[in-house]
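To keep things clear, I will list the structure first and then write my remarks on it.
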Amino acid sequence: LKNLKRNFPDELDQIFDNVNWSYCFGERDDYVIVKLNGKYNYVDVYNNIISEKLWFDKAEPFYNGYATVCVGDKYNFIDGYGKILSPNKWFDFVEPFNGNGFAEVTIGDREYILTKNGKFKELPDYN
């Protein structure tokens, strides 16, 4: 990770003036993961913070259109517009979306398949 000072538009400059951002790039260079006061978020190529209301304890690079985010010990996905995929259900464990548009998620000891439209279906227990 490197330190980087972003040049924000005037309205954001007042808030983020002289901030050193930690950053890394994901699958595409469209978003930069930034860290401020111990919380993470994403900045797009136009210097917009994609989720101004919610900052995350952990943030992963975008992969197949979504990034894995964590608040406390619960996980979810965020799209490039800052929308949480499943705002009413947060998960104990997640795997990134695969090329077919599915992600494996866990709530407690139950495993589910999550689709990119936020619907999920419990996987059968073969034990």
Pairs under 7 Å by beta carbon, first residue more than 14 Å from GLY72 (Cβ to Cβ) in region 87-101, partner assigned to a strand (DSSP E or B) and open to solvent by 60 Å² or more (accessible area, probe 1.4 Å), six or more apart or different chains?
GLU95/GLU104; PRO96/TYR63; PHE97/TYR63
Answer yes or no as to whether LYS89 is in a loop (DSSP other than H, G, I, E, B), at pLDDT below 90 and open to solvent by 40 Å² or more (accessible area, probe 1.4 Å).
no
Which residues, taken from region 51-62, are in contact with an Asp or Glu (Cβ under 7 Å, 6 or more places away or on another chain) and surrounded by fewer than 17 Cβ atoms within 10 Å (Cβ to Cβ)?
PRO61
From the list ASP73, ASP79, ASP125, ASP44, exactly one residue is surrounded by 13 or more Cβ atoms within 10 Å (Cβ to Cβ), without any contact (Cβ under 8 Å) to a residue 24 or more places away in the chain and of a type in the set (Asp, Glu). Which is it?
ASP79
Would you please name the residue that is modelled with the highest pLDDT, looking only at residues in region 18-41 that are open to solvent by less than 80 Å² (accessible area, probe 1.4 Å) and outside any strand (DSSP E or B)?
GLY38
Just need a number here: residues in region 100-123 that are acidic (Asp, Glu) and outside any strand (DSSP E or B).
1
Scope region 92-110; condition loosely packed, with under 13 Cβ neighbours inside 10 Å and on the phi > 0 side of the Ramachandran plot; matching residues:
GLY108
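The values are calculated or read from the model by the stated rules, or taken from the named source; none is laboratory data. Please read these numbers as outputs of a predicted model, since none were measured by experiment. Because the Cβ atoms are built from the backbone with ideal geometry, glycine has one as well, and the counts that use them run over all protein chains shown. Heavy atoms of the whole protein, side chains included, go into the accessibility calculation; ligands, DNA and RNA do not. Shrake-Rupley method; radii C 1.70, N 1.55, O 1.52, S 1.80 Å.
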